[in-house]
1. Taking H as built 1.01 Å from N, whose amide H comes closer than 5 Å to the amide H of ASN169, not counting residues under 5 places away?
2. Please list, in order along region 82-96, the HN-Hα scalar couplings obtained from phi with the Karplus expression 6.51 cos²θ - 1.76 cosθ + 1.60 (θ = phi - 60°), rounded to whole Hz, x for Gly and Pro.
3. Between ASN169 and HIS125, 0.36 nm times their residue separation minus their Cα-Cα distance comes to what?
4. Need the C-alpha centroid separation for region 118-180 versus region 74-90, integer Å.
Amino acid sequence: MTSIRLSVVSTDLEQQLRRNMSDRGHACASICAGLSIEPTIMPIARILVAFAVAWLPFAVASAAELQVSNAWIRLLPGGVPAGGYFDLRHDGKTVVQLTGASSSSFGDIMVHESLTEKGQSQMRHIDVLELPPGRTLTFKPGSYHLMLMQPARKLNVGDKIPMTLEFANGERVTTQFEVRGPGGM
Ligand SMILES: [Cu+2]
């Protein structure tokens, strides 16, 4: 539970820092896009980072029920929305429901499933994806994927993009997604 509270705190804080920056009338688009923080705000940020690091051992211990691995983004040419893929392992006791994802790097993210119907490949929007205990959910090309739309900036192969998976019980799991080329994997 500690990890949930922690991630919510840091998200709120990031928003607050951004709000502070824009309240003060700074043209901070490029700074915000790079997620760096103005020098005057640094002391607050340092305290918060120290706080987060102090709690890290507890966060890791309690976040173990939901584990994301092999998280990557497939970058496609020509302005096509990128796809987000990962394995989600659930070692908890009850069913969890994945409801969506968010990232400051994308304006809109949807959970989709690719399927072939009558020889036509299509995508279906998914509101809630259930994951029973002891199972691994695999997002991969041709199957479940995160549809990553409205990129905040140009992505490059090798970039690491933080992405937060959101669950119906309020839990949030943030993972770094590695940007790869169309060949992926
Ligand atoms: Cu899609």
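1. GLN97
2. Each residue's phi maps through the Karplus curve to give 6, x, x, 10, 5, 10, 10, 9, 10, 10, x, 9, 10, 4, 10 Hz.
3. On the way: separation 44, 0.36 × 44 = 15.84 nm, distance 2.04 nm.
Residue separation times 0.36 nm, minus the Cα-Cα distance, leaves 13.8 nm.
4. A separation of 7 Å, based on Cα centres.
The numbers here are math on the coordinates, done by the rules we state, and not lab data. Just so it is clear, the model here is predicted, and its values are computed rather than measured.
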